[in-house]
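A short write-up of the structure that comes next.
The values are calculated or read from the model by the stated rules, or taken from the named source; none is laboratory data. No experiment lies behind these values; they were computed from the predicted model shown. Cβ atoms come from the backbone with ideal geometry, glycine included; neighbour counts cover every protein chain shown.
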Amino acid sequence: MTTRIDTRFAALKKQGRAALVTFITAGDPDFDTSLAILQGLPKAGADVIEIGMPFTDPMADGPAIQASSLRALANGQNMKKTLKLVREFRKTDKETPIVLMGYFNPIYIYGVEAFVTDAKKAGADGLIVVDLPPEHDDELCLPAMKAGLNFIRLATPTTDEARLPRVLTNTSGFVYYVSVLGITGTKAPNLKDVAAKVKRIKAHTTLPVAVGFGVKTAEQAKTIAANADGVVVGSAIVNAVRDTLNKKGEATAKTKKAVLTLVGDIAKGVRAAAAR
Amino acid sequence: MNVNAPNSYRTGPDERGFYGLHGGRFVAETLMPLVLELEQAYRDAKADPAFQSELDSFLEHYVGRPSPLYFAERLTEHLGGAKIYMKRDELNHTGAHKINNVMGQILLARRMGKKRIIAETGAGQHGVATATACARFGLECIIYMGEVDIARQQPNVFRMKLLGAQVVPALSGSRTLKDALNEALRDWVANVEDTFYCIGTVAGPHPYPEMVRDFQSVIGKEAKAQMLKREGRLPDSLVAAIGGGSNAMGLFHPFLDDKDVKIIGVEAAGSGLKSGRHAASITGGKPGVLHGNRTYLLMDDDGQITEAHSISAGLDYPGIGPEHSWLHDMGRVEYVSATDKEALAAFQLCCKLEGIIPALEPSHALAEVMKRAPKLPKDHLMVMNMCGRGDKDIFTVAEHLGVKL
């Protein structure tokens, strides 16, 4: 099985540069704005798009993504609408990989079989589900693989040599290396460490390794891009949404533009990294 | 009784941490190595007689165990039926059953060389117990507490501060116990090296539900021995209140294989089950995944967790320990509920008849005792778990009774 994720990383490898992986929360601050942002991301420089499926209790996320999830939920976003967002996006973009990211409960309640089928049909290519370690692969990872979706796993600084092979088993698409100990968007990544960590993971796998958690600037992105196959940016994008809302918490004319400008800047950083 | 009843109800969980459908380890990868390390450390401690003897010594001399099994004579007379005994865990140091578990976990943390302790708290009882044990052993202590709970449990907040703990408000979501748990988990993810997470109830990723149950089982073991000594036989029924379910599990677990003992757990029905404003996860929820385990949860059709409501901050949680969920599925324990109003009435009755000011949590168990006891014969022996004292709740009660303090 080859997904859009595999195809995209292979193509970028040929070009000798890293992928920019961007995260937005589905329905933040409302369905139409997030669709408009989504549609603009590839042109702004996003190579892979992660769409957050909002959840009331995002345990691994910092204040930025917590707030964006609650904004989306308050405006009526739900799992069905998130899949609809993917379908709408696919009408005009057949190439950019889409990864759905979130927590297990909304998927479990949707129904695992129905979800993997509907997600694939909508045009999603992979899943990242934070609270499903490899010990629970039977819950979603195996059904997702069977449905033709990549299951992308997080490796963290606490994942030691002994555990790494277990984390990499059944992982496909790419490996998401969490560069800091902690929740999303709070600490700055340790840039010196990244090259060594990526190398350590690559000793165990041929999959591309993307690095994220705490990447906010083009400069950081550039440094990471020189040492990894992908750079993930999330909280900074979500904060660009927050910073352009009006007093009622609604999107303004600036919202989409602010996000796409930021992504454009970071994309320049990624592309400026030394060819590998 | 369920026709598929197992040979024993006391052998769970399995090696992956499951009790039937429930339990497990639904945590982020960052925490997984820590949870595995904790499990190993707990297995080692459990097998070490020196650990148990140290714990027993602290339970006796510091906590004040065993707690009495008290015959509530006037309440029994008033209700005119079953003979009611109270397991007096409100007499423990810090005023609730929470310290039983905390002593065990803090001794384990010391064994593991952890210097920084974090905990979540709802009513503040687990927070006070944790702050107490940390003060006793000179450990750094950070307590996460929902902003709403901080407002309604001021005396406990001040107690924790006096004991040297830092109380950090959880400002996200419903700003109650579930959010305090989220914040504690987020802290743990960010401070994995030196931090021990002392969970206050029989929930969370495996091995917490099992470990907390084991530490709280001292309640049921004592009650069993005390009842045999007093009455020469086992009780006919047990009644305990359930938020996460640690006091109930502690009382119930040693009796699970005594098939003639009827066991009843009481959830908080808040303003009433039909109102939608309640905390009855089994009666009003369905199985889902939150805080590291699968269990009955309050949620909407999209799998979004909904807010729990109860007059009692300690029961104000949208989930329940996974072993309770399993015992419900198996039909071994009957889960019922009591409303705020019923709990308040039981609270007042207990004050007047027994000279005991109960916490609002066990007042829910008392409310069920009031419904059940009058219909039972006088030789029916009933044990209710008086798991906490009510000093912390007098402001809440005054407000509900329209009294200005």
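The table below lists the values:
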quantity	calculated
Subset tally (residues that are outside any loop (DSSP other than H, G, I, E, B) and either of a type in the set (Phe, Trp, Tyr) or within 11 Å of another protein chain (Cβ to nearest Cβ) (or both)) for region B:24-51	11
Some residue of region A:60-75 being in contact (Cβ under 8 Å) with a residue 60 or more places away in the chain, part of a strand (DSSP E or B) and of a type in the set (S, T, N, Q)	no
Residue tally, condition crowded, with 24+ Cβ neighbours inside 10 Å and of a type outside the set (A, V, I, L, M), over region A:116-133	4
Sole residue being touching a strand residue (DSSP E or B) at 6+ places or on another chain (Cβ under 7 Å) and surrounded by fewer than 18 Cβ atoms within 10 Å (Cβ to Cβ), chosen from B:Leu290, B:Leu273	B:Leu273
Hits in region A:238-276 - residues which are surrounded by 14 or more Cβ atoms within 10 Å (Cβ to Cβ) and hydroxyl-bearing (Ser, Thr, Tyr)	A:Thr244, A:Thr255
Close pairs (6 angstrom Cβ cut-off, 6 or more residues apart or separate chains): within 14 Å of chain B (Cβ to nearest Cβ) in region A:180-207, among the basic types (Lys, Arg) and not in a helix (DSSP H, G or I) anywhere	A:Val180/A:Lys187
Pairs, first surrounded by 13 or more Cβ atoms within 10 Å (Cβ to Cβ) in region B:1-12, second at pLDDT 90 or above and among the basic types (Lys, Arg), C-beta under 9 Å, six or more apart	B:Tyr9/B:Arg332
Unmet requirement for A:Gly40, which otherwise passes all of (1) surrounded by fewer than 24 Cβ atoms within 10 Å (Cβ to Cβ); (2) at pLDDT 95 or above; (3) within 21 Å of A:Val175 (Cα to Cα); (4) not aromatic (Phe, Trp, Tyr)	(3)
Tabulated pairs, region B:258-287, first touching a residue at least 60 places away in the same chain (Cβ under 8 Å) and among the small types (Gly, Ala, Ser), second part of a helix (DSSP H, G or I) and surrounded by 15 or more Cβ atoms within 10 Å (Cβ to Cβ), C-beta under 6 angstrom, 6+ apart or interchain	B:Gly265/B:Ala248; B:Ala268/B:Leu315; B:Ala268/B:His364; B:Gly270/B:Asp340
Top-ranked residue in region A:141-172 [being in contact (Cβ under 8 Å) with a residue 40 or more places away in the chain and part of a strand (DSSP E or B); ranked as farthest from A:Asp125 (Cα to Cα)]	A:Ala155
Members of region B:306-320 that are under 23 Å from A:Gly111 (Cα atoms) and crowded, with 24+ Cβ neighbours inside 10 Å	B:Pro318, B:Gly319, B:Ile320
Positions within region A:49-66 being within 12 Å of chain B (Cβ to nearest Cβ) and of a type in the set (Val, Ile, Thr), in sequence order	A:Thr56, A:Ile65
Single unsatisfied condition, A:Ala46 versus (1) of a type outside the set (Ser, Thr, Tyr); (2) within 14 Å of chain B (Cβ to nearest Cβ); (3) outside any helix (DSSP H, G or I)	(2)
Residue within region B:214-221 that is touching a strand residue (DSSP E or B) at 6+ places or on another chain (Cβ under 7 Å), hydroxyl-bearing (Ser, Thr, Tyr) and farther than 20 Å from B:Leu315 by Cβ present	no
Residues located in region A:76-90, provided they are surrounded by fewer than 19 Cβ atoms within 10 Å (Cβ to Cβ) and touching an Asp or Glu at 6+ places or on another chain (Cβ under 9 Å)	A:Gly76, A:Lys80
Wholly within region B:150-245, helices (runs of 4 or more DSSP H) carrying at least 3 residues that are within 14 Å of chain A (Cβ to nearest Cβ)	B:177-190
Per-region count, region A:69-92, residues within 15 Å of the chain's Cα centre (by Cα) and away from chain B (no Cβ under 12 Å)	1
Any strands (runs of 3 or more DSSP E) falling wholly within region B:252-343 and containing at least 1 residues that are within 20 Å of B:Glu120 (Cβ to Cβ) and within 14 Å of chain A (Cβ to nearest Cβ)	B:286-290, B:292-297
In region B:100-127, the residues that are part of a helix (DSSP H, G or I), at pLDDT 95 or above and either out of contact with any Gly (no Cβ under 9 Å at 6 or more places or on another chain) or polar (S, T, N, Q) (or both)	B:Asn100, B:Asn101, B:Met103, B:Gly104, B:Gln105, B:Ile106, B:Leu107, B:Leu108, B:Ala109, B:Arg110, B:Arg111
Residue within region A:251-272 that is at pLDDT 95 or above, among the charged types (D, E, K, R) and in contact with a strand residue (DSSP E or B) (Cβ under 6 Å, 6 or more places away or on another chain) present	no
Selection status of A:Glu95, modelled with pLDDT of 95 or more, surrounded by fewer than 18 Cβ atoms within 10 Å (Cβ to Cβ), more than 10 Å from chain B (Cβ to nearest Cβ) and assigned to a helix (DSSP H, G or I)	no
Count of region A:112-162 residues which are closer than 19 Å to A:Arg87 by Cα and either small (Gly, Ala, Ser) or at the interface with chain B (Cβ under 7 Å from one of its Cβ atoms) (or both)	9
Selection from region B:170-206 of residues that are surrounded by fewer than 22 Cβ atoms within 10 Å (Cβ to Cβ) and among the basic types (Lys, Arg)	B:Arg175
Residue within region A:232-254 that is under 17 Å from the mean Cα position of the chain (by Cα), of a type outside the set (A, V, I, L, M, F, W, C), within 22 Å of B:Asn191 (Cα to Cα) and away from chain B (no Cβ under 14 Å) present	yes
Pair list, Cβ < 7 Å and 6+ apart or interchain, from region B:62-84 residues that are free of Cβ contacts under 8 Å to residues at least 60 places away in the same chain and in a helix (DSSP H, G or I) to residues that are surrounded by 15 or more Cβ atoms within 10 Å (Cβ to Cβ) and of a type in the set (A, V, I, L, M, F, W, C)	B:Val63/B:Ile99; B:Val63/B:Met103
Region B:304-353 - residue that is acidic (Asp, Glu) and within 30 Å of B:Arg10 (Cα to Cα) and, of those, farthest from the chain's Cα centre (by Cα)	B:Asp329
Filter result (away from chain A (no Cβ under 14 Å) and either small (Gly, Ala, Ser) or surrounded by fewer than 20 Cβ atoms within 10 Å (Cβ to Cβ) (or both)) within region B:13-23	B:Gly20
